[in-house]
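The values are calculated or read from the model by the stated rules, or taken from the named source; none is laboratory data. On a predicted model such as this, the values are computed, not experimentally measured, just so you know. Cβ placement follows ideal geometry from the backbone for every residue including glycine, while neighbour counts extend to all protein chains displayed. For the accessible areas, the whole protein counts, side chains as well, though only heavy atoms, and no ligand, DNA or RNA atoms are used. Shrake-Rupley method; radii C 1.70, N 1.55, O 1.52, S 1.80 Å.
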Amino acid sequence: MPSLKDLRNRIASVKATQKITKAMQMVAAAKLRRAQDAAEAARPYSQRMGKVLANIAGAVTGGADTPKLMAGTGNDQVHLLVVCTAERGLCGGFNSQIARLAREHTRSLIADGKDVKILCVGKKGYDILRREFASRIIDRVDLREVKRVGFVNADEIARKVIGLFDEGEFDVCTLFYSEFKSVISQIPTAMKIIPASAPDFEAEADGELDASVYDYEPDAASILGDLLPRNIAVQIFRALLENSASEQGARMGAMDSATRNAGEMIDKLTLTYNRQRQAQITKELIEIISGAEAL
C-alpha cells in the first residue's frame, strides 16, 4: 500500500496534469471557431469549381483534346495515396481513423495486385503508416512550422503530386482526410483527385448542372488545362482546412474527457488518502491508550 507521502505526490501530479488538459481544451475551443469558419467558407468555392469544371468537361470528355489529368493514363496499376493527418497528437482517434482508412485501402489495392505509393502530409500519419508500409512511402510533407495553413501550402503539395503524375510515377491519386461535421463527429474521407472526371465534379457540385450552352474563349480544352491543376490544389486546400477543424474538434473532446477522468482520479486518490490517514491516526490513538493502560 502506498504511503501518505506517495499519495500526496500522486494527487499533486494528477492535479498538474488536469490543469494542462483543461488549458489544452480551452486553446482547442478557441482555435476551433476559426478553423471551422475557414473550412465552411472553402466548401462553396470547392463545390462551385467542381460545377464549372463539370460543365466545361462536357464539351471535351472523350475527345482527343481531353487533358491528361482528366483522361488519365489509360491504366490503373499504380496508385498514389495522399494521406493528410495532423502534426501533433493528443486529439483522440483523429489521426488513427484517417490512417486506418488509408491502411485498409492500401491492403485492398495490394490484394488486387496493384502497386501502391504513399505521400504523407503530417507527422502522425507517417508514424502510423511506416510501421507496415515504410517501403511504400515515397515522400513526407512537414507542416510543423506552419502556424496557419494557407493555399500556398496546398499549392506546393498539388505541384508535387502533378509533377509525379507528369513523370509517370502513378496512374490514380486518392486524397485521404477527415471531413468536419461537428465537435463530436469527424468523418474519414477518401476522394479521387486524379484522374478527374465529370461525374466526380457533378457529385461535388451537389446539384443539377446548368443546362445552358456556352462558348469558350479560348477553347474548352485550354481552360480545363489551366483549371484542373488549380482544382487539385483547391481540393487539397479544402482537405487541409477540414483536417484543421476536425483536429481541433477531436482535441477539444479528448481533452475534455481527460480533464473529467483526472477529476475522478483525484477524487478516488483523495478518498484513499483520507481513509489511510484516518486509519493511521486511529492506530496511533490505540497505541497511546494501550500504553496508558499498561502503566
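For Ala86, what charge total do you get from the other residues with a beta carbon under 15 Å from its beta carbon, if Lys and Arg give +1 and Asp and Glu give -1?
On the way: positive: Lys31, Arg88, Arg100, Lys123, Lys124, Arg140, Arg144, Lys147, Arg148, Arg251; negative: Glu87, Asp127, Asp142, Glu145, Glu179, Glu242, Glu247.
With Lys, Arg at +1 and Asp, Glu at -1, the neighbours total +3.
Classify the stretch 108-149: rounded, prolate or oblate, from the alpha-carbon gyration tensor (a ≥ b ≥ c, eigenvalue square roots; a/c under 1.5 rounded; otherwise prolate if a/b is larger than b/c)? Prolate. In the context of the full set of protein chains, the stretch 42-195 has a per residue accessible area of 49 Å² (1.4 Å probe).
Note on Met26 and Met265: the model spin-label points, each 7 Å out from Cα along the C-beta direction, lie 2.1 nm apart. Fully extending the segment from Val141 to Glu287 would add 45.7 nm, taking 0.36 nm per residue of separation and subtracting the current Cα-Cα distance. Per-residue Karplus couplings for the stretch 286-292, computed as 6.51 cos²θ - 1.76 cosθ + 1.60 with θ equal to phi - 60°, are listed in order as 4, 5, 5, 4, 4, x, 5 Hz, Gly and Pro entered as x. Entry note, the chain: the mean residue ellipticity at 222 nm calculated from DSSP H runs of n ≥ 4, each adding -39500 (n - 2.57), is -22500 deg cm²/dmol after division by the residues and rounding to the nearest 500. Solvent exposure of Ser185, expressed as accessible area, is near 40 Å², computed with a probe of 1.4 Å over the protein chains only. Please say if the stretch 88-190 is rounded, prolate or oblate, where rounded means a/c under 1.5 for a ≥ b ≥ c the square roots of the C-alpha gyration tensor eigenvalues, and otherwise the choice is prolate for a/b larger than b/c and oblate otherwise? Oblate.
If we count GluC sites (Glu not before Pro) as exposed when they sit in a DSSP loop and have at most 16 other beta carbons within 10 Å, what is the longest stretch of the chain that avoids them all?
Values: sites that count: Glu145, Glu167, Glu169, Glu208.
Longest gap between qualifying sites, sites excluded: 1-144.
Site pair Phe151 and Arg107 shows an inter-label distance of 4.0 nm when each label is modelled 7 Å from Cα along Cα→Cβ. Ranking Tyr45, Tyr126 by solvent-accessible area of protein heavy atoms (1.4 Å probe, all protein chains present), from largest to smallest, gives Tyr45, Tyr126.
For the stretch 36-43, 3J(HN,Hα) computed residue by residue from phi via the Karplus equation (6.51, -1.76, 1.60; θ = phi - 60°) reads 5, 4, 5, 5, 5, 6, 7, 5 Hz, glycine and proline entered as x.
Peptides 2-11, 68-77 ranked from most to least packed give 68-77, 2-11, packing being the mean of other C-beta atoms within 10 angstrom over each peptide's residues. Can you tell me what share of the DSSP beta bridges in the chain is antiparallel? A percent to the nearest 5 is fine. Roughly 35 percent of the DSSP beta bridges within the chain come out antiparallel.
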